[in-house]
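The values are calculated or read from the model by the stated rules, or taken from the named source; none is laboratory data. These figures come from a predicted structure and were not determined experimentally. Here Cβ is always computed from backbone atoms with ideal geometry, including for glycine, and neighbour counts include all displayed protein chains.
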Amino acid sequence: MTLLPLSGWSLVVLILLLLLILYLRGAFYKKVNYHLKDIPGLEEPYFPFAVIGVSNSYISSGYPLTFRFEIDAIYAARLEAIRSAQRTIHIETFYMTPGRRPQEFADALIERSQAGVEVQLLLDSFGVISMPKAYWKRLEAAGVQLCFFHQFSWKAPLSYNIRTHRKLILIDGEVAIVGGMGISDYWDGRKESGDLEPWLDVEVCFQGPVVAILEGIFMQHWIYEGKVASLRADIFNPALSGGSTVLVTPSDSPSASSAVYGLFYTIVLAAKERIWIASPYFLPDSNSVQALLEAKRKGVDVRILTVGPHNDKKWVYYAVRERYEQLLSAGIEIHEYHPSMMHAKVLLIDCDFVSTGSANFDPRSLFHNEELNLSLVEPQLAKMVEDFFLYAFTKSRQIYLTQWRTRPVWQRLVGQAALFFRWQL
């Protein structure tokens, strides 16, 4: 019997170790395939009640005040909201890097904290790992309360894979800002990555009863990390009542049954006229692909807006492109944004239904991260989202099947290799 050389055994051990890591991190979890029938139309009054069970959502109401997709305007609105706070500022975010934007953010928080406003900042420990300790010490010295979600622990090292990807700003229990943008100069454009313009992202501001629901969701993570949460009346007593019905879908991970997946899958099946999806990391599973193909067969206008060559994760970009064939063959439009990174997460379904928040259309968001999406039927918001898509399409290149098939071999190899790790990307 011929024995493997040492290098051969090393390779075998490496492969087994890799498979063990993937196994322990849940890459081989039982997969839940959703099967639904008799799906109500989005305009049906009972649609929200049918969806809340499937997607583990809360039902509330509220007023979408603004929808922004220009980076300077988003940052300006955030700072204005923070500076207007009189009682409380509660913020949860995933990503920060050193730079001008975080310093402006810190200055605004410190000024309010020193004015007597309660400031609580909940940060993903992995997403803010590049920030210097001096930054946090400055905030704490001014009275800002800090909480780092899921710091690494040798007691449960693989749980470090569970991240909070939510982006949420809550002011005085009255105003909520929800979106997908971090706090980093990267969104202004990265010349080293070839960005010609700022990144493309979206953010929505809400008032009304939905803000109280979002305060409770923030406090779930605050309590989870051992902090003390106040449930006093001024936080859970919104100044406004009524407004549009809003579905609030927080996704808690890890789970084979994803709340956000249930939401996305159901609204795709409910579509009758239009499905426009913006997602930077567009990696739908086979179940979702079949739902999109079925929608196209029924005459639904299906368009995907995703990243182009200027992006923050090249290997994910090539993995995304490997999934184009079925969609393009069916006539589904795929638009790759070209000036810079496309980071927006928003779905526009039929005429007036909008879903937006932190969740990408990929396995990591759907099955590993803690996410947050808000969904509602609201004509004025839908019109602003439609304008966003139409603007983005003019800045994108539509991909065609013949063009896609001529992509370089090395891109195919990188994409296929990345797809093997798609549950961890």
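Can you tell which of VAL414, VAL354 is closer than 22 Å to GLY208 by Cβ and among the hydrophobic types (A, V, I, L, M, F, W, C)?
VAL354
Do we find that LEU374 is modelled with pLDDT of 95 or more and closer than 23 Å to ILE213 by Cβ in this structure?
yes
Determine whether ARG407 is outside any helix (DSSP H, G or I) and either more than 19 Å from VAL204 (Cα to Cα) or of a type outside the set (A, V, I, L, M, F, W, C) (or both).
Yes; evaluated as a whole, the condition is true for this residue.
Within segment 57-96, can you find the residues that are over 26 Å from ILE235 (Cα atoms) and in contact with an Asp or Glu (Cβ under 7 Å, 6 or more places away or on another chain)?
Across segment 57-96, the qualifying residues are PHE69, ILE71.
Out of VAL228, VAL248, VAL268, VAL211, which single residue is out of contact with any Lys or Arg (no Cβ under 7 Å at 6 or more places or on another chain), assigned to a loop (DSSP other than H, G, I, E, B) and either closer than 21 Å to ARG163 by Cβ or not polar (S, T, N, Q) (or both)?
Values: VAL248 fails: assigned to a loop (DSSP other than H, G, I, E, B); VAL268 fails: assigned to a loop (DSSP other than H, G, I, E, B); VAL211 fails: assigned to a loop (DSSP other than H, G, I, E, B).
That would be VAL228, the only listed residue that is out of contact with any Lys or Arg (no Cβ under 7 Å at 6 or more places or on another chain), assigned to a loop (DSSP other than H, G, I, E, B) and either closer than 21 Å to ARG163 by Cβ or not polar (S, T, N, Q) (or both).
Would you please name the residue that is farthest from the chain's Cα centre (by Cα), looking only at residues in segment 370-404 that are loosely packed, with under 14 Cβ neighbours inside 10 Å and outside any helix (DSSP H, G or I)?
TYR400
So, of the residues in segment 160-184 that are part of a loop (DSSP other than H, G, I, E, B) and among the hydrophobic types (A, V, I, L, M, F, W, C), which turns out to be farthest from MET96 (Cα to Cα)?
ILE162
Need the failing condition index for PRO238 against (1) farther than 30 Å from TRP315 by Cα; (2) buried (at least 16 other Cβ atoms within 10 Å of the Cβ); (3) touching a Phe, Trp or Tyr at 6+ places or on another chain (Cβ under 9 Å); (4) not hydrophobic (A, V, I, L, M, F, W, C), just the number.
Among (1) farther than 30 Å from TRP315 by Cα; (2) buried (at least 16 other Cβ atoms within 10 Å of the Cβ); (3) touching a Phe, Trp or Tyr at 6+ places or on another chain (Cβ under 9 Å); (4) not hydrophobic (A, V, I, L, M, F, W, C), the lone unmet condition for PRO238 is (3).
When the residues of segment 296-326 are filtered to those that are more than 23 Å from VAL202 (Cβ to Cβ) and small (Gly, Ala, Ser), which remaining residue is surrounded by the most Cβ atoms within 10 Å (Cβ to Cβ)?
Looking at the filtered set, the residue picked out is ALA319.
Only one residue in SER159, SER130, SER125 is among the polar types (S, T, N, Q) and over 24 Å from ILE217 (Cα atoms), so which one is that?
SER130
Of all residues in segment 384-401, count the ones that are out of contact with any strand residue (DSSP E or B) (no Cβ under 7 Å at 6 or more places or on another chain) and either within 14 Å of VAL302 (Cα to Cα) or modelled with pLDDT under 95 (or both).
1
Of ILE177, ILE171, ILE162, which residue is touching a strand residue (DSSP E or B) at 6+ places or on another chain (Cβ under 9 Å), modelled with pLDDT under 90 and either closer than 22 Å to ILE89 by Cβ or not polar (S, T, N, Q) (or both)?
ILE162
Could you pull out every one of the strands (runs of 3 or more DSSP E) wholly within segment 56-159 that has 3 or more residues that are surrounded by 21 or more Cβ atoms within 10 Å (Cβ to Cβ)?
58-68, 88-93, 118-124
Being without any contact (Cβ under 8 Å) to a residue 40 or more places away in the chain and small (Gly, Ala, Ser) is the filter; apply it to segment 58-89 and report the residue that is nearest to VAL346 (Cα to Cα).
Per the stated criteria, the residue is ALA73.
List every residue pair whose Cβ atoms lie under 7 Å apart, where the two residues are 6 or more positions apart in sequence or sit on different chains, the first residue falls within segment 189-213 and is surrounded by fewer than 23 Cβ atoms within 10 Å (Cβ to Cβ), and the second residue, located anywhere, is in a loop (DSSP other than H, G, I, E, B) and polar (S, T, N, Q).
Between residues of segment 189-213 that are surrounded by fewer than 23 Cβ atoms within 10 Å (Cβ to Cβ) and residues that are in a loop (DSSP other than H, G, I, E, B) and polar (S, T, N, Q), the close pairs are GLY189/SER340; ASP195/SER340; LEU196/SER340; GLU197/SER340; PRO198/SER340; PRO209/SER241.
When both residues are 6+ apart or on different chains and their Cβ atoms are under 6 Å apart, which pairs have a first residue that lies in segment 283-307 and is farther than 16 Å from PRO363 by Cβ and free of Cβ contacts under 8 Å to residues at least 40 places away in the same chain, and a second that is charged (D, E, K, R) and in a strand (DSSP E or B)?
ASP301/ARG274
Determine whether segment 330-346 contains at least one residue that is surrounded by fewer than 20 Cβ atoms within 10 Å (Cβ to Cβ) and touching a Gly at 6+ places or on another chain (Cβ under 9 Å).
yes
Looking only at residues in segment 298-318 that are under 18 Å from the mean Cα position of the chain (by Cα) and aliphatic (A, V, I, L, M), which one is farthest from GLU386 (Cα to Cα)?
Restricting to residues being under 18 Å from the mean Cα position of the chain (by Cα) and aliphatic (A, V, I, L, M), the top hit is VAL316.
Restrict the check to segment 221-228 and report whether at least one residue is surrounded by 24 or more Cβ atoms within 10 Å (Cβ to Cβ) and within 26 Å of GLN103 (Cα to Cα).
Scanning segment 221-228 turns up no residue that is surrounded by 24 or more Cβ atoms within 10 Å (Cβ to Cβ) and within 26 Å of GLN103 (Cα to Cα).
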